[in-house]
Amino acid sequence: MNQATLPASDSIKRGRRLEYLTLGWNLGEAAVAIGAGLLAGSTALLGFGIDSLIESLSGSVLLWRLSHGEKGERREQTARKLVGISLLILATYVGFEAAESLAKREPPAASYVGIALAVLSVIVMPLLARAKRKVAASLKSRAMHADSKQTDICAYLSAILLLGLGANALFGWWWADPVAALLMVPIIGKEGIEAMRGGTCCCA
C-alpha cells in the first residue's frame, strides 16, 4: 500500500511523526549551530542556527494542525497562514544577516563542526521534505505541503552554508556565504506568499 492510499488516520499519524522528527532535528541543529557560531564568531552559523528555530515554529504549527485530525478547514487555513508568516520572517532575517555581513566585510571563521552540521542537514532535510509531501498529498493538506517547502528551503540554506564556510576555509572567499544567502531571499519570500495565499498545491 503506497502513501497515497493509506487511510487518513494512518497518514495523520505519519505526519505527526515526521513533524516531531523535524522539530527535534531543528532544535538540536539550532543548539549546535548557535554554539559553533559563537565559538567561531561566524555570522553565517549563527544565522543558520536561528533559522532552525524558525523552522521549529513551522513544525509546531503543523503538529497543532494534525492534532485535530481531518476536521476543521478554518484550522487548516490558519495553519497555512502561520507557516507562510514564518517563511516571510525567515526571508527577512536571512536578507538582513547577509547584507550586514557584506557591509561589515567580516568573514566567518573556519568551523569544522559547522561544515559537518551542514553536510548532515543537506542529506537529512530533502528526505524529510519528500516524506512530508507524500503525507500532504494523502491528506490534501496545503499547510503540510507548505511546511515541506520550508524543509526544502532549510536544505538549500544548508547547502549555502556549506559552500560559504567551505569557500572561506579553502580559498578565503569571505563574501561567498552572504552573496549566496541574498540569492535565496526572493525564493523564500515567494514560498511564504504562496503559502499564505493557498497557492501551493498539495499534489505537487
Next on the checklist: Less than 11 Å Cβ to Cβ from Gln150, Lys/Arg counted +1 and Asp/Glu -1: what total charge do the surrounding residues give?
Outcome noted: -3
Next on the checklist: Under the rule a/c < 1.5 gives rounded, and otherwise a/b versus b/c splits prolate from oblate, where does the stretch 79-203 land using the Cα gyration tensor?
Outcome noted: oblate
Item to check | Backbone N within the stretch 109-128 under 18 Å of label point (7 Å from Val179 Cα along the Cβ vector) | outcome: 109
Item to check | trypsin sites (Lys or Arg not before Pro) restricted to DSSP loop in the stretch 95-204 with at most 16 other C-beta within 10 Å | outcome: Arg105, Lys140
Checklist outcome for this item: With R₀ set to 35 angstrom, the calculated FRET efficiency between the beta-carbons of Ile85 and Leu163, to the nearest 0.05, is 0.80
Next on the checklist: Can you compute 3J(HN,Hα) from phi for each residue in the stretch 93-110, using the Karplus curve 6.51 cos²θ - 1.76 cosθ + 1.60 with θ = phi - 60°, rounded to whole Hz and x for Gly and Pro?
Outcome noted: 5, 4, x, 5, 5, 5, 5, 5, 5, 5, 5, 7, 6, 9, x, x, 5, 4
Next on the checklist: For Trp64, what accessible surface area do you get with a 1.4 Å probe? Give it in Å², rounded to 10.
Outcome noted: 100 Å²
Item to check | Cross-link reach list, lysines versus Lys132, counting only Cα pairs under 22 Å and skipping chain neighbours closer than eight places | outcome: Lys13, Lys71, Lys81, Lys140, Lys149, Lys190
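The values are calculated or read from the model by the stated rules, or taken from the named source; none is laboratory data. The structure displayed is predicted, hence computed values, not measured ones. In this analysis, Cβ positions are derived from the backbone assuming ideal geometry, glycine residues included, and neighbour counts consider all displayed protein chains. These accessible areas exclude ligands, DNA and RNA; they are computed on the full protein's heavy atoms, side chains included. Shrake-Rupley method; radii C 1.70, N 1.55, O 1.52, S 1.80 Å.
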